[in-house]
1. By how many nm would the segment from Ile96 to Gln237 lengthen if fully extended, with 0.36 nm per residue of separation less the alpha-carbon distance?
2. Label-point separation (nm) for Leu213 and Glu331, each offset 7 Å from Cα along Cα-to-Cβ?
3. If you average 1/r over all unlike Cα pairs in region 3-128 and invert the result, what Kirkwood radius do you get in angstrom?
4. R0 = 25 Å: FRET efficiency of Ser115 with His26, Cβ-based, nearest 0.05?
5. At 222 nm, what value in deg cm²/dmol follows for the chain if DSSP H runs of at least 4 each add -39500 (n - 2.57) and the sum is divided by all its residues, to the nearest 500?
6. Sorted by mean Cβ packing within 10 Å, highest first, what order do the peptides 97-108, 313-324, 297-308 take?
7. How large is log10 of I(q)/I(0) for region 267-345 at q = 0.21, 0.25 Å⁻¹ when the intensity is taken from the Debye formula with one equal scatterer per alpha-carbon?
8. For the pair Thr135 and Asp287, what calculated FRET efficiency results from E = 1/(1 + (r/R0)^6), where r is the Cβ-Cβ distance and R0 = 51 Å, to the nearest 0.05?
Amino acid sequence: MQGGIEIAELSPIVIPVFVSHLGCPHRCIFCDQRQFSEPVLPEDIPDLVRAFIAGCKRSHDRKRLVAFYGGSFTGIDSLLLKRYLAKARELVEQGIVHGVKASTRPDMVTYELLSMCKKAGFVEMEIGAQSMDDTVLHACRRGHGSADTVRAARIIKDAGMRLGIQIMPGLPGEDRKSFRHTVEEVASLHPDVVRIYPTVIIKGTALEQLYRLGDYRPLDLEEALDRCLFGYIRFSQEGCRVLRMGIPQPENVSIVAGPSHPSFGFLVKARAYRIMAEVLMERYGTDVRFEVHPLDIPELLGYKRENIRDLCFSYSFDHCLPRGYIRVKGESDKGCLQPRDIIEYIL
């Protein structure tokens, strides 16, 4: 339901309000939120929101949400936090937006704080778990443990809010086993949404120093794609929507090294189609014709058409096929795959 009206085909309007680094008690080794943007002041929020909505198509027909990103929202100084909440509540009560969401640290989620957020119109809270391996969290100087994520997830659900969780493949101390553990633990919390941000090295961070000293090596692009694809499939199996894969690409952030790519999420999905195509070609031979939903053709062909160039298949489309499926034309059910069928080929 969007504003009381069922509009399944329209995506919501999410208005980002950046409170970069506010509320963060620790400087994690991978992070420097100050490079992203200056925090938006509470009094500037109404004009920002109105201007953003004015630039969106069919804004009155779509669900509209204010989203506080960056920093740790519930960790903001109490007086300043109340100012942010007051502005958010005004926007909801005036009908300018339908709800509010924010991101924060797992150890800064309490029943009292979420009650305040709920009264201001909050409908969703994302927590930056980053990993569910306590050894990895300690190496990153996160200042919290995996138990904090479990507790925070329960509190958010008890508050009647949607739960979002962020993870970061490739953190110091993480290997494949550790990452699979993180994915399974997060999946067991049944979040509504997940973001997967492969670790990159940002200039000026402690992680850059480790990298320069040779004490940390980031994931290469291929390994990052494999880990993210594994997470994408597992979370999808649990009914969780993966909102984003890959770090955003702001112009003012200097990335020194790591698996950064402007089309990272597309690469992950294209890799799924490549693996499915390879499995089916091994089964039925190389002279096959694939069918996919028409909207999935770009992922089937691959980034810069590398899938079709390397595998040399022919293809057509079928509107009746569900999104995400690939089928060998003329074959039975065994000639049809979806991403969950290939998880054993990853990691």
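1. Contour length minus Cα-Cα distance gives 47.2 nm.
2. Between Leu213 and Glu331, the simple spin-label model gives 5.2 nm.
3. Details: mean 1/r = 0.0666 Å⁻¹.
Mean inverse Cα-Cα distance, inverted, gives 15.0 Å.
4. Numbers: r = 25 Å, r/R0 = 1.01.
Efficiency, from the Cβ-Cβ distance: 0.50.
5. Numbers: 11 runs with 124 residues, N = 347.
It comes out at -11000 deg cm²/dmol, rounded to the nearest 500.
6. 97-108, 297-308, 313-324
7. Result of the Debye calculation: -0.88, -1.31.
8. Computed FRET efficiency for Asp287 and Thr135: 0.55.
Every number in this text was worked out from the coordinates using simple rules, so none of it is lab data. Just so it is clear, the structure is predicted and the values come from calculations on it, not from any experiment. Note that we place each Cβ from the backbone using ideal geometry, even for glycine, and neighbour counts take in every protein chain shown.
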